[in-house]
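This report concerns only the one structure given below.
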Amino acid sequence: MSRAAEKILFANPVAQFKSQRKEILAAIESICDNGPYILGSAVEDFENAFAAWHGLANCVGVGSGTDALTLALRAFGIGAGDEVITVSFTALATASAILATGAKPVLVDVTPSAFTMDAQKVEAAVTSRTRAIIPVHLYGYPCDMDAAMAIARKHGLIVIEDCAQAHGALYKGKKAGTIGNAGCFSFYPTKNLGAIGDAGAVITSDAAIAEKIKEFRQYGWNKDRIAHNVSTVSRMDPLQAVILSVKLKALDASTSARRTLAQTYDDAINWQKFGKPAAQPDAISAYHLYVITAKDRSRVIGKLAAANIAAGIHYEFPVHKNPGYAPCVAMPANGMPVTDRLSEAVLSLPMYPEFPKADAVGIAKIINEA
């Protein structure tokens, strides 16, 4: 491999910063010199640009991806006594956001082929208390949104897309986040569009919902600073906004680089030994992560570690396997057999736009031999 002496990370946001260092530092300096230091035109500029990139009219910048989900749920009136259907095979943030509103997460299994929400399981989980569905576009792979929207229409439910890992993913030519009632994004540093700190956003075609989220991100204030609702504070920092504005200009190119790297892995890995999420009709991944399944994951991790290569596991402990969350969620009677099986087998290989293709080939060689 080309960098045998250097530790190879499975994500490397510093590499992206270095590739855009001059422009990012100039943007940060402009805020430090001119302000404002809370919200202001820098945040508005990013909101407008991110909304336009999705072909929508409204974007609201908030403090994190988790807050984006929480405030979107609250804006649609979801709270105590309500149920929200989502998956267990996701980051804890998805369930955490639901619980923060007072609603109950109702967990369903994923499909063994796509690793994303199983629509048949969703249909079976709907009750008189169900108010919303949160499909999670996992690893950058879009969910079956036709199925999710059909169930939502049938039962009068809200659909809020968890797009934390899916900036630029496409479903039938539409960008993730533009199909449901709202799309929620994280800009955590390792995301496809990452800040240098925490930040998040909600996009929606509903102007009234966008205004509610703007109120909820700042005490419940309206434009006259009168609060008709009680809320917390979750504002996008203008420093993060200008950093994201710089990076947004390169997002299409970096997504293309991720897809090229994924193809390199696809061509080099021995698929008789490993598995991966199957390609779905009309869905194009943004490859936030490149995930395989291995029958003997610990052995593969050991071989990679011996070569100074870090691998990740997303997710070794799904929501229902976390003792703090297990008592707070609803589970199907037959459990989560697919999620449980995947949690013991998934392995994330290095994936970021600046990662050399030659190194990906070298990693494939190592795991093929393992």
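The values are calculated or read from the model by the stated rules, or taken from the named source; none is laboratory data. Not measured: the values here are computed from a predicted model. In this analysis, Cβ positions are derived from the backbone assuming ideal geometry, glycine residues included, and neighbour counts consider all displayed protein chains.
Taking ALA52, is it on the phi < 0 side of the Ramachandran plot, of a type outside the set (Ser, Thr, Tyr), surrounded by fewer than 24 Cβ atoms within 10 Å (Cβ to Cβ) and in contact (Cβ under 8 Å) with a residue 24 or more places away in the chain?
So ALA52 fails the test.
What helices (runs of 4 or more DSSP H), lying completely within region 291-370, carry at least 3 residues that are touching a Cys at 6+ places or on another chain (Cβ under 6 Å) and surrounded by fewer than 16 Cβ atoms within 10 Å (Cβ to Cβ)?
On the way: elements: 297-306, 337-343, 357-369.
By residue number, no helices (runs of 4 or more DSSP H) qualify.
Checking the structure you have, find out if any residue of region 102-109 is assigned by TED's automatic domain parsing to the domain that holds SER231 and surrounded by fewer than 21 Cβ atoms within 10 Å (Cβ to Cβ).
Yes, region 102-109 contains at least one residue that is assigned by TED's automatic domain parsing to the domain that holds SER231 and surrounded by fewer than 21 Cβ atoms within 10 Å (Cβ to Cβ).
Only one of SER88, SER64 is crowded, with 20+ Cβ neighbours inside 10 Å, hydroxyl-bearing (Ser, Thr, Tyr), within 21 Å of GLY197 (Cα to Cα) and outside the structural domain of PRO327 (by TED's automatic domain parsing); which? I'd like the intermediate steps shown before the answer.
Working: SER88 fails: within 21 Å of GLY197 (Cα to Cα).
Exactly one residue qualifies, and that residue is SER64.
Of the residues LEU99, LEU73, which single one is closer than 21 Å to ILE151 by Cα, assigned to a helix (DSSP H, G or I) and more than 15 Å from the chain's Cα centre (by Cα)?
Working: LEU99 fails: closer than 21 Å to ILE151 by Cα.
That would be LEU73, the only listed residue that is closer than 21 Å to ILE151 by Cα, assigned to a helix (DSSP H, G or I) and more than 15 Å from the chain's Cα centre (by Cα).
Just to check your reading of the model, which residue among ALA97, ALA11 is among the hydrophobic types (A, V, I, L, M, F, W, C), within 30 Å of ILE301 (Cβ to Cβ) and not assigned by TED's automatic domain parsing to the domain that holds LYS365?
So the residue among ALA97, ALA11 that is among the hydrophobic types (A, V, I, L, M, F, W, C), within 30 Å of ILE301 (Cβ to Cβ) and not assigned by TED's automatic domain parsing to the domain that holds LYS365 is ALA11.
Within the group ALA208, ALA227, ALA201, which residue is in contact (Cβ under 8 Å) with a residue 40 or more places away in the chain and either in contact with a Phe, Trp or Tyr (Cβ under 8 Å, 6 or more places away or on another chain) or not charged (D, E, K, R) (or both)? Give the derivation first.
Working: ALA208 fails: in contact (Cβ under 8 Å) with a residue 40 or more places away in the chain; ALA227 fails: in contact (Cβ under 8 Å) with a residue 40 or more places away in the chain.
None of the others qualify; the one that does is ALA201.
Yes or no, residue by residue, for (1) in a helix (DSSP H, G or I); (2) in the same structural domain as ALA26 (by TED's automatic domain parsing); (3) crowded, with 19+ Cβ neighbours inside 10 Å:
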{"residue": "LYS214", "(1), (2), (3)": "yes, yes, yes"}
{"residue": "LYS223", "(1), (2), (3)": "no, yes, no"}
{"residue": "SER231", "(1), (2), (3)": "no, yes, no"}
{"residue": "MET236", "(1), (2), (3)": "no, yes, yes"}
{"residue": "VAL242", "(1), (2), (3)": "yes, yes, yes"}
{"residue": "SER256", "(1), (2), (3)": "yes, no, no"}
{"residue": "THR260", "(1), (2), (3)": "yes, no, no"}
{"residue": "GLN263", "(1), (2), (3)": "yes, no, no"}
{"residue": "GLN272", "(1), (2), (3)": "no, no, no"}
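Conditions tested, residue by residue: (1) in contact (Cβ under 8 Å) with a residue 60 or more places away in the chain; (2) within 22 Å of GLN165 (Cα to Cα); (3) over 18 Å from the mean Cα position of the chain (by Cα).
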residue	(1), (2), (3)
THR255	yes, yes, no
GLN263	no, yes, yes
TRP271	no, no, yes
ALA283	yes, yes, no
LYS295	no, no, yes
VAL300	yes, no, yes
ALA307	yes, no, yes
ALA311	yes, yes, yes
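Starting from region 6-26, keep only residues that are within 13 Å of LEU244 (Cα to Cα), then list their pairs with residues that are surrounded by fewer than 19 Cβ atoms within 10 Å (Cβ to Cβ) and among the acidic types (Asp, Glu) whose Cβ atoms are within a distance under 7 Å, requiring at least 6 positions of separation or different chains.
Pairs that qualify, where the first residue is within 13 Å of LEU244 (Cα to Cα) and the partner is surrounded by fewer than 19 Cβ atoms within 10 Å (Cβ to Cβ) and among the acidic types (Asp, Glu), are GLN16/GLU354.
Quick one: is SER88 touching a His at 6+ places or on another chain (Cβ under 6 Å) and at negative phi?
yes
Contact list please: Cβ distance under 8 Å, first residue in region 155-180 and at positive phi, second residue assigned to a strand (DSSP E or B), pairs at least six apart or on different chains.
GLY168/LYS175; LYS172/ALA283; GLY177/GLU161; GLY177/GLY183; GLY177/CYS184; GLY177/PHE185; GLY177/ILE203
When the residues of region 115-126 are filtered to those that are out of contact with any strand residue (DSSP E or B) (no Cβ under 7 Å at 6 or more places or on another chain) and either in the same structural domain as THR339 (by TED's automatic domain parsing) or surrounded by 19 or more Cβ atoms within 10 Å (Cβ to Cβ) (or both), which remaining residue is modelled with the lowest pLDDT?
Here the residue is ALA119.
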